[in-house]
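Undergrad: Got a structure here, written out as structure tokens. Questions coming.
The values are calculated or read from the model by the stated rules, or taken from the named source; none is laboratory data. Just so it is clear, the structure is predicted and the values come from calculations on it, not from any experiment. Neighbour counts run over all protein chains shown; Cβ positions are idealised from the backbone, glycine included. Ligands, DNA and RNA are stripped out before the accessible areas are found, and what is left, the full protein with its side chains, is counted by its heavy atoms. Shrake-Rupley method; radii C 1.70, N 1.55, O 1.52, S 1.80 Å.
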Amino acid sequence: MAKAHTDLPRLLVSGLGAILERELGTLRREVEAYPDERDLWREVPGIANVGGTLVLHLTGNVQHYFGALLGGTAYIRNRPAEFARRDASRSELLREIGAAEAAVKAGLSRLEEPALTAEFPEIIAGSRILTGEYLVHLSVHFAYHLGQLDCHRRVVTGQTNGVGAVRPAELSSARPADVQ
């Protein structure tokens, strides 16, 4: 029988960190999977956001909420620019992913248990939301857009192969099944 966890808040924070670390790794693999970096910006009828836009939006979102608001970083978000830019190179997008990885670590390392049941430090869409719930929302939001990016990449490149998204073995608690 599995041992019960008595430190659920810490488990939630470490689990969110592991999931976002995995998702950011998938984001990196998606960007690298475009054979021609110009395809990151190629528009497709019926798809609202191109790959590069999704990368800028996801990394800006993470750097703002995890880095600036929770981690105390100096990041200043320009959300309209995330959707307006069309010229970031692949290397710039990869740097933004690296900055987002650092933002997750900064934010979660400073997050104390009482904060999870307190209101998030920013009003969201006119609402006050508990921090723990909003952090779960942010991870789901990330995964939603990551799926859109995968779809965009497959459509513009004609590739049918995935990049190994949502690998359970990449979670920090994963270990071989034959290890007790």
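Undergrad: Mind listing just one residue for me: the one in region 1-22 that is buried (at least 20 other Cβ atoms within 10 Å of the Cβ) and touching a Ser or Thr at 6+ places or on another chain (Cβ under 7 Å) and, of those, modelled with the lowest pLDDT?
TA: L16
Undergrad: Between a first residue in region 8-21 that is under 12 Å from T117 (Cβ atoms) and a second residue that is in a helix (DSSP H, G or I) and open to solvent by 60 Å² or more (accessible area, probe 1.4 Å), which pairs have beta carbons less than 7 Å apart while being 6 or more apart in sequence or on different chains?
TA: Every condition considered, the pairs that remain are P9/E113.
Undergrad: Identify the residue in region 34-44 that is of a type in the set (A, V, I, L, M, F, W, C) and surrounded by fewer than 20 Cβ atoms within 10 Å (Cβ to Cβ) and, among all such residues, is farthest from the chain's Cα centre (by Cα).
TA: V44
Undergrad: Only one of (1) part of a helix (DSSP H, G or I); (2) modelled with pLDDT under 95; (3) surrounded by 16 or more Cβ atoms within 10 Å (Cβ to Cβ) is not met by V163, so which one is it?
TA: That leaves (1) as the condition not met.
Undergrad: Suppose we keep only residues that are in contact (Cβ under 8 Å) with a residue 12 or more places away in the chain and surrounded by fewer than 16 Cβ atoms within 10 Å (Cβ to Cβ) within region 50-81. Which one would you say is nearest to G17 (Cα to Cα)?
TA: G72
Undergrad: Could I ask something else about it? I'm checking my understanding of the structure. Among residues of region 82-96 that are open to solvent by 30 Å² or more (accessible area, probe 1.4 Å) and part of a helix (DSSP H, G or I), which one is farthest from S14 (Cα to Cα)?
TA: A84
Undergrad: In addition: On the basis of being assigned to a loop (DSSP other than H, G, I, E, B), at pLDDT 95 or above and under 26 Å from I124 (Cβ atoms), does Y65 make the cut?
TA: no
Undergrad: Okay, moving on. Against the definition (touching a helix residue (DSSP H, G or I) at 6+ places or on another chain (Cβ under 9 Å), among the aliphatic types (A, V, I, L, M), farther than 29 Å from E133 by Cβ and surrounded by fewer than 18 Cβ atoms within 10 Å (Cβ to Cβ)), how does I47 come out, yes or no?
TA: For I47, the condition - touching a helix residue (DSSP H, G or I) at 6+ places or on another chain (Cβ under 9 Å), among the aliphatic types (A, V, I, L, M), farther than 29 Å from E133 by Cβ and surrounded by fewer than 18 Cβ atoms within 10 Å (Cβ to Cβ) - is met.
Undergrad: Right, next: Anything in region 97-119 that is more than 15 Å from P9 (Cα to Cα) and part of a loop (DSSP other than H, G, I, E, B)? List them, or say none.
TA: None; the set is empty.
Undergrad: Mind checking which pairs have a first residue in region 154-175 that is charged (D, E, K, R) and a second that is surrounded by 12 or more Cβ atoms within 10 Å (Cβ to Cβ), Cβ under 6 Å, 6 or more apart or different chains?
TA: E170/R22
Undergrad: Give the number of residues within region 74-129 that are under 15 Å from the mean Cα position of the chain (by Cα) and within 20 Å of A33 (Cβ to Cβ).
TA: Count: 8.
Undergrad: Restricting attention to region 140-154, does a residue exist that is more than 12 Å from the chain's Cα centre (by Cα), more than 28 Å from E30 (Cα to Cα), among the hydrophobic types (A, V, I, L, M, F, W, C) and open to solvent by 40 Å² or more (accessible area, probe 1.4 Å)?
TA: Taking every residue of region 140-154 in turn, none turns out to be more than 12 Å from the chain's Cα centre (by Cα), more than 28 Å from E30 (Cα to Cα), among the hydrophobic types (A, V, I, L, M, F, W, C) and open to solvent by 40 Å² or more (accessible area, probe 1.4 Å).
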